[in-house]
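Below: the structure, in structure tokens.
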Amino acid sequence: MTINSLFKKYPELIFNSLSVLKNLIIVLVDENYKIIDSNEGLKEILGLEEKPLNSDLRNLLIGVSKENLGQTSLDLIELILKGKDKMEIVLKGVRVKLEDKYLLILEPYRLTYSELILKLSKLNEQLVNITRELAKKNVQLSEALKTIKKINNTDPLTGILNRRAFLKILKREISLAKRHNLPLSLVMIDIDYFKKINDTYGHETGDYVLKSITKVIKKSIRQEDLFARLGGEEFVLLLPHTNMEAAYKMSERLRQTIEKRQFKRIREKITASFGITEFSPLDNFKLFLKRADEALYEAKKRGRNCCICIYR
């Protein structure tokens with residue numbers, strides 16, 4: 001007895017037996033591919049609670065696989081289903097025309113070793129491309145974050161540290177000086193009669209003076225010194241590893257350099273006042289700043305264009 005003769009003799013028994021197998025997908029559809037019945041395998045592979053009866057089979061397929069449904073009485077077909085978790089599942093099998101219906105007998109397609117290697121190779125290539133693109137995006141993000149940080153910490157007119165950034169760094173330097181018993185000096189700088197410059201020559205010229213004095217000071221200080229604009233015409237210098245005497249000498253050099261400088265479009269001399277103090281172990285953040293500010297106030301009180309030190 002042959003297999004064909006067995007099918008002819010026991011069609012219902014054999015069909016029912018095949019229907020139980022979950023690794024086989026058996027689907028009966030009408031001419032419009034509306035699902036009339038299916039075995040449990042279809043429900044399982046789609047991750048459904050119930051069989052998708054009365055659904056259009058083509059709506060369960062992906063892309064061009066819909067076009068693989070032929071029109072002859074017996075076709076070899078290949079379908080791609082949307083499986084669980086949106087996974088693509090390739091099914092291969094036959095489509096048999098039975099009067100006004102179609103019987104689809106399919107099984108999940110398993111890649112050969114060569115096909116698997118090829119697919120893994122392609123996936124690896126995609127992964128390399130994704131990794132390369134991700135690295136590029138990370139560099140761009142890092143640069144963007146640096147730019148944002150710089151904008152947040154920088155005075156837009158002069159390009160030096162702003163008040164917020166300076167005060168944050170000052171706290172760190174005070175902590176370091178305390179821990180290691182290191183000298184630390186603070187210099188407050190104020191451009192003399194700056195309001196008069198703005199009133200006489202305009203704010204554009206005033207901005208030019210601020211930027212020019214910023215350049216003068218930046219060229220004259222060390223790399224480790226911190227220079228910031230506190231606001232308006234007021235600047236500040238923080239001098240690590242520097243005692244009061246050294247801070248005074250540097251301030252005096254800066255004062256003389258500013259006084260001697262010729263500023264375009266301005267007839268008068270531009271001068272600045274300096275208030276200097278040195279950190280004391282008994283100081284806190286506020287006292288240190290306050291004493292430097294008091295030294296600057298005293299410099300203005302004494303006629304400006306001078307450097308005044310206030311000791312602890």
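Every number in this text was worked out from the coordinates using simple rules, so none of it is lab data. Keep in mind that this is a model prediction, so the values were computed, not measured. Quick reminder, even Gly has a Cβ in these numbers, built from the backbone with ideal geometry, and neighbours come from all protein chains shown.
The protection proxy used here, the mean number of other Cβ atoms lying within 10 Å of each residue, ranks peptides 121-132, 41-52, 230-241, 215-226 as follows, highest first: 230-241, 41-52, 215-226, 121-132.
Quick one: pull the percentage of alpha-carbon pairs in the chain with a separation above 31 Å. That tail contains 59 percent of the Cα-Cα pairs. Report note on the peptides 158-169, 260-271, 142-153: ranked by the mean count of other C-beta atoms within 10 Å, highest first, their order is 158-169, 260-271, 142-153. Can you pull the percent of Cα pairs in the range 163-309 with separation above 28 Å? Value for the range 163-309: 17 percent of Cα pairs lie more than 28 Å apart.
With runs of 4+ DSSP H residues as the only contributors, calculate the mean residue ellipticity of the chain at 222 nm using -39,500 (n - 2.57) per run, divided by the residue total and rounded to the nearest 500.
Values: 9 runs with 143 residues, N = 312.
After summing the helix terms and dividing by residue count, I get -15000 deg cm²/dmol.
Report the net charge of residues surrounding Lys286, where surrounding means a beta-carbon distance below 13 angstrom and charges are Lys +1, Arg +1, Asp -1, Glu -1. Summing Lys and Arg as +1 and Asp and Glu as -1 gives 0. Among Ser38, Ser251, Ser273, the residue with the largest mean-square fluctuation in a Gaussian network model of the chain, with springs joining Cα atoms closer than 10 Å, is Ser38. Excluding same-chain neighbours fewer than eight residues apart, the lysines reachable from Lys146 by a Cα-Cα span under 23 Å are Lys136, Lys137, Lys168, Lys171, Lys218. Each residue in Phe285, Phe279 was given a count of other beta-carbon atoms within 10 angstrom of its own, and listing them fewest first yields Phe285, Phe279.
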